[in-house]
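Notes to accompany the following structure.
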Amino acid sequence: MDHLIIIIDEHPAPADMAGYGLLTEHGLCIYFEKDGKKWMIDTGASDRFAENATRLGVDIAAVDHLIISHNHYDHTGGLEVFLKYNSRARIHLSEWIKDSRCLSVRNGKSVDIGLDRTLLEDYRERIRWHPSVNMRLSDNVALLANIPARYPVPKANSHLRWICQGRETPDPFHHELALVVSGINTDTVISSCTHKGILNTLDAAFAWNSRPVGRFIGGLHLRDGFEEKKELIAMASTIVSMFPQIHIFAGHCTGDKVLELLKSILADRFDPFFTGARISL
């Protein structure tokens, strides 16, 4: 397989894919194959990813590695269903998740938005905890666990907090993981929500592998009404100057107006993705 599949996203498939009957939700699940292994990133917010996987010809039971990108329900809500169908995959998580909780704070109310911790205990023998150290999981798939914040992070992070070591603070997203998939000439960076910011994530990927980045695939966490237009234009300009070969595919947790603006700025370097999309690797 030389392409990646968006198993589920909040953006619906186009009309010409209506026959698949694909479901959508505010969440993300991605599938690809590399180095003779089957990889999945996140499980969406519910069991809907499993229904879509069947309709798209993806066998959940055959997945070898599941990467949980960060501790939010819209990326972990289907984990119990995944574990029900799959008895073999190694589950990769940041060790920061062990002793922390993630919160969404709106209108003075805090809501825990993290994963079901009973699953971590029940399936502990399958879990691989990762420190904030970049490392290869296979010859051409690397885990990006150390993403320094050299550039601004998305302003939509402002309502997200965490409790770590008994102290509540703005969430620094130490628990966020991304992947770097190496191709023949360039790398592909896959980052489900990119709370650390696309510039920081791309910069960390290049620093890790010292190879050109040809694709970025993932959510940007650039919600409508947070970043100013001039800030988005400056960000896009910096990306192109730093990564002249790049093509960005974005969807989950990215505002419709932001998607439209980035498309207008980046033109053929940018494409929104949707549930069921297949993107070349």
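The values are calculated or read from the model by the stated rules, or taken from the named source; none is laboratory data. Predicted model, so just to flag it, every value in this text is computed and none were measured. So basically every Cβ, Gly included, is an ideal-geometry build from the backbone, and we count neighbours across all protein chains shown. Just so you know, the surface numbers come from the protein's heavy atoms only, side chains and all, with ligands and any DNA or RNA stripped out. Shrake-Rupley method; radii C 1.70, N 1.55, O 1.52, S 1.80 Å.
When residues in the range 163-180 are screened for being acidic (Asp, Glu) and surrounded by fewer than 18 Cβ atoms within 10 Å (Cβ to Cβ), 1 of them pass. The residue pairs whose first member lies in the range 158-172 and is within 23 Å of Asp224 (Cα to Cα), whose second member is exposed (fewer than 13 other Cβ atoms within 10 Å of the Cβ) and charged (D, E, K, R), and whose beta carbons are closer than 6 Å, counting only pairs six or more residues apart or on different chains, are His159/Arg106.
Inspect all residues belonging to the range 220-239 and state whether any of them is touching an Asp or Glu at 6+ places or on another chain (Cβ under 7 Å), open to solvent by 10 Å² or more (accessible area, probe 1.4 Å) and closer than 12 Å to Phe273 by Cα. For the range 220-239, residues touching an Asp or Glu at 6+ places or on another chain (Cβ under 7 Å), open to solvent by 10 Å² or more (accessible area, probe 1.4 Å) and closer than 12 Å to Phe273 by Cα: absent. Residues in the range 7-25 that are part of a loop (DSSP other than H, G, I, E, B) and open to solvent by less than 10 Å² (accessible area, probe 1.4 Å): Asp9 alone.
Of the residues in the range 181-201, not one is more than 28 Å from Gly276 (Cα to Cα), open to solvent by 60 Å² or more (accessible area, probe 1.4 Å) and without any contact (Cβ under 8 Å) to a residue 12 or more places away in the chain.
Only residues that are touching a helix residue (DSSP H, G or I) at 6+ places or on another chain (Cβ under 7 Å) and under 17 Å from Tyr123 (Cα atoms) were counted in the range 61-80, giving 7. Among the residues in the range 244-253, are any free of Cβ contacts under 8 Å to residues at least 60 places away in the same chain, open to solvent by less than 40 Å² (accessible area, probe 1.4 Å), under 12 Å from Gly218 (Cα atoms) and assigned to a loop (DSSP other than H, G, I, E, B)? Checked the range 244-253: no residue is free of Cβ contacts under 8 Å to residues at least 60 places away in the same chain, open to solvent by less than 40 Å² (accessible area, probe 1.4 Å), under 12 Å from Gly218 (Cα atoms) and assigned to a loop (DSSP other than H, G, I, E, B). Checking the stated criteria, Leu220 turns out to be in contact with a strand residue (DSSP E or B) (Cβ under 9 Å, 6 or more places away or on another chain) and part of a loop (DSSP other than H, G, I, E, B).
Within the bounds of the range 140-159, is there any residue that is in a strand (DSSP E or B), within 27 Å of Phe82 (Cα to Cα) and in contact with a helix residue (DSSP H, G or I) (Cβ under 8 Å, 6 or more places away or on another chain)?
Initially, the range 140-159 is screened for residues in a strand (DSSP E or B), giving 141-144.
Applying the additional criterion that residues be within 27 Å of Phe82 (Cα to Cα) yields 141-144.
Among the residues that remain, those that are also in contact with a helix residue (DSSP H, G or I) (Cβ under 8 Å, 6 or more places away or on another chain) are: 142, 144.
Yes, there is a match, as at least one residue in the range 140-159 is in a strand (DSSP E or B), within 27 Å of Phe82 (Cα to Cα) and in contact with a helix residue (DSSP H, G or I) (Cβ under 8 Å, 6 or more places away or on another chain).
Filtering Asp35, Asp42, Asp47 for residues that are in contact (Cβ under 8 Å) with a residue 12 or more places away in the chain and closer than 19 Å to Phe173 by Cβ leaves a single hit, Asp42. A single entry from Thr201, Thr254, Thr194 fulfils the requirement of being touching a helix residue (DSSP H, G or I) at 6+ places or on another chain (Cβ under 7 Å), at pLDDT 95 or above and among the polar types (S, T, N, Q): Thr194. When we screen Lys263, Lys229 for residues that are among the basic types (Lys, Arg), over 30 Å from Arg136 (Cβ atoms) and free of Cβ contacts under 8 Å to residues at least 12 places away in the same chain, the only hit is Lys263. None of Val105, Val63 is more than 14 Å from Thr275 (Cβ to Cβ), in contact (Cβ under 8 Å) with a residue 24 or more places away in the chain and touching a Phe, Trp or Tyr at 6+ places or on another chain (Cβ under 9 Å) except Val63. Does the range 140-160 hold any residues that are crowded, with 19+ Cβ neighbours inside 10 Å and over 21 Å from Leu232 (Cβ atoms), and which are they? Once the filter is applied, which keeps residues that are crowded, with 19+ Cβ neighbours inside 10 Å and over 21 Å from Leu232 (Cβ atoms), the range 140-160 yields Val141, Ala142, Leu143, Leu144, Ala145. Residues that are open to solvent by less than 20 Å² (accessible area, probe 1.4 Å) and closer than 19 Å to Gly219 by Cα number at least 3 in the following helices (runs of 4 or more DSSP H) confined to the range 26-131: 73-76.
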